[in-house]
1. What ranking do 211-220, 259-268 get when scored by the average of other Cβ atoms within 10 Å per residue, highest first?
2. Going by a ≥ b ≥ c, the root eigenvalues of the Cα gyration tensor, does the chain fall in the rounded group (a/c under 1.5), the prolate group (a/b larger than b/c) or the oblate group?
3. What is the calculated FRET efficiency for LYS58 to ALA119, with r their C-beta to C-beta distance and R₀ = 25 Å, to the nearest 0.05?
4. Nearest 10 degrees, 0 to 90: what angle lies between the long axis of helix 41-56 and the longest principal axis of the chain (Cα atoms)?
5. Using a cut-off of 12 Å between beta-carbons, work out the net charge of the residues near HIS174 (Lys and Arg +1, Asp and Glu -1, HIS174 not included).
6. Quick one: length gained pulling VAL262 to ARG282 fully straight, 0.36 nm per residue minus the C-alpha distance?
7. Consider a paramagnetic label point 7 Å from the Cα of ASN189 along Cα→Cβ; state which residues of the range 94-123 have an amide N under 19 Å from it.
8. Top mean-square fluctuation among TYR140, TYR238, TYR101, Gaussian network model of the chain, C-alpha springs under 10 Å?
Amino acid sequence: MSDHGFTKTTSDGRAVIPLSDEERYHFDIKGWLAIKNVLEPDEIGEMVEFARKLKFDKESVPEKHRTTMAGPLEKLCDHPRVVGFMQEFLGHEDLECEEGYGFRMEYSFMGWRLRENKADMWAPHGGRGTNPPFDDVHGYQGRPGNAYGGLLQAVWELTDVIKGQGTHFVPGTHKGSFDLPKSISEDRNHPLWETYECPAGSIVFFSESVTHSGSKWEHPDHDRCAIFNSYNSIMCKYHMWDPHPDHLAEMSQKRASLFRPVHAEYNRENIEKGDELYEPRRGF
Ligand SMILES: O=C(O)CCC(=O)C(=O)O
């Protein structure tokens, strides 16, 4: 058996779900992709309950688990759909093996929008022409036959979304060269904006370098509960964040590999790294 290459199973032992050619093409040209009905209805309830506790009753959650990648939300970090997507747009076959993934998880936060507030979160940002100096970390790079995603978001919509109230995108701007004109940023009904409607348990992938914006949440029945999980290359890091060390210690080796140090050399889970970390390995 080969000692490296894309794993076909997640840390939960579930089969990785690769992107279809059509999904991959859609994401590459647009910079965003919604996949509906990914979670089973009976999984969603406990996730929303945990998120509700984090939002309104944080003290009831052990300190090490006060993040949106703990408790019942933890399995979202390396859900089969997420692993399939990240292998395509961030993965490195040489840095992946059965024991650990070839990409990293960067961050996790919650978008809890109160129904009664009707808060308007319209604030377009991102877009290649509008994001220096972070382009090196966010930047999407299309190449013939493959693409490197840069900083990528996997948004789990845990409550139904009505069209117009979820995240909005100006498709293609992850490859754009120029600043977004005000006539587009200020007009959310401009035909270049795209968005989605979806049932609870759907996932929306997007490149942080595509122009995107929150919107106004005015659902008649419920708040928005969305979990934003960010990913990046094993060689690159934007956020100053790591999971609590006691939480990390509880994870399986494979899931914990999402949070390993950022470097390219020797960075595969099944490589023997040795103890002499402070001595250069070559050059003598
Ligand atoms: O609130 C949203 O829907 C968008 C969130 C956002 O702008 C971001 O992740 O950068």
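The values are calculated or read from the model by the stated rules, or taken from the named source; none is laboratory data. The structure displayed is predicted, hence computed values, not measured ones. Every residue, glycine as well, gets a Cβ built from its backbone with ideal geometry; the counts of neighbours run over all protein chains shown. Quick note on the areas: whole protein, heavy atoms, side chains included, nothing else; ligands and nucleic acids left out. Shrake-Rupley method; radii C 1.70, N 1.55, O 1.52, S 1.80 Å.
1. Details: 211-220: 18.6, 259-268: 13.8.
Top of the packing list down: 211-220, 259-268.
2. Values: a/c = 1.78, a/b = 1.29, b/c = 1.38.
Here the chain falls in the oblate category.
3. Working: r = 20 Å, r/R0 = 0.81.
Computed FRET efficiency for LYS58 and ALA119 comes out at 0.80.
4. Orientation of helix 41-56: about 80 degrees from the principal axis.
5. Taking every other residue near HIS174 into account, the sum is 0.
6. Contour length minus the Cα-Cα distance gives 5.2 nm.
7. Of the residues in the range 94-123, 120-123 have backbone N under 19 Å from the label point off ASN189.
8. TYR238
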